[in-house]
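Working notes for the structure below.
Rule-based calculations on the coordinates, nothing more; no lab input. All values reported here derive from a predicted model rather than from experimental measurement. Virtual Cβ from ideal backbone geometry, glycine too; neighbours counted across all protein chains shown.
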Amino acid sequence: MNQTISWISTTSCGEEQELSIPANEEPCQVCQGKGLFDLHIRLVSLEEFTRWNLEEKEDYLRGGYDMECPECSGRGLVLVPADPDSELARQYLELDFARRERVWEESRG
Ligand SMILES: [Zn+2]
């Protein structure tokens, strides 16, 4: 399966260029390929739960705290560079790391 990762990079002269590298599709490790992320597994302790109001508890029990996995945007699959040691792949991984940090920050509110 031939996939590519492409992104826009800005050169030192301020020009935008599109870069792309060959990639493989792999199951997302964060959600184990489910595309959903159980927010409450990490966040809720029994002590917290007892402090919630009824509505919040009902939401929780219905799975209302499941959210789309921020890592794979709910697809359950992520693209990883086929050749992670190449110069371009390194650039991409650096960008991707920064993007992920942002997504995770936002998902925590
Ligand atoms: Zn995921």
Can you tell me which of LEU54, LEU88, LEU19 moves the most in a GNM of the chain? Springs connect C-alpha atoms under 10 Å apart. LEU54
Sort 91-104, 2-15, 73-86 for me by packing, meaning the mean count of neighbouring Cβ atoms within 10 Å per residue, highest on top. 73-86, 91-104, 2-15
Highest GNM mean-square fluctuation, the chain, Cα pairs closer than 10 Å: which of GLU56, GLU71, GLU47? GLU47
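For the chain, what is the calculated [θ] at 222 nm in deg cm²/dmol (nearest 500), taking -39500 (n - 2.57) for each run of four or more DSSP H residues and dividing by its residue count?
Numbers: 4 runs with 41 residues, N = 109.
Value at 222 nm, helices only: -11000 deg cm²/dmol.
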What angle, in degrees between 0 and 90 and rounded to the nearest 10, separates the Cα long axis of helix 87-108 from the longest principal axis of the Cα atoms of the chain? 20
Across 5 Å bins beginning at 0, the whole-percent shares of Cα-Cα pair distances in the chain come to 2, 10, 15, 18, 16, 12, 9, 6, 5, 5, 2, 0
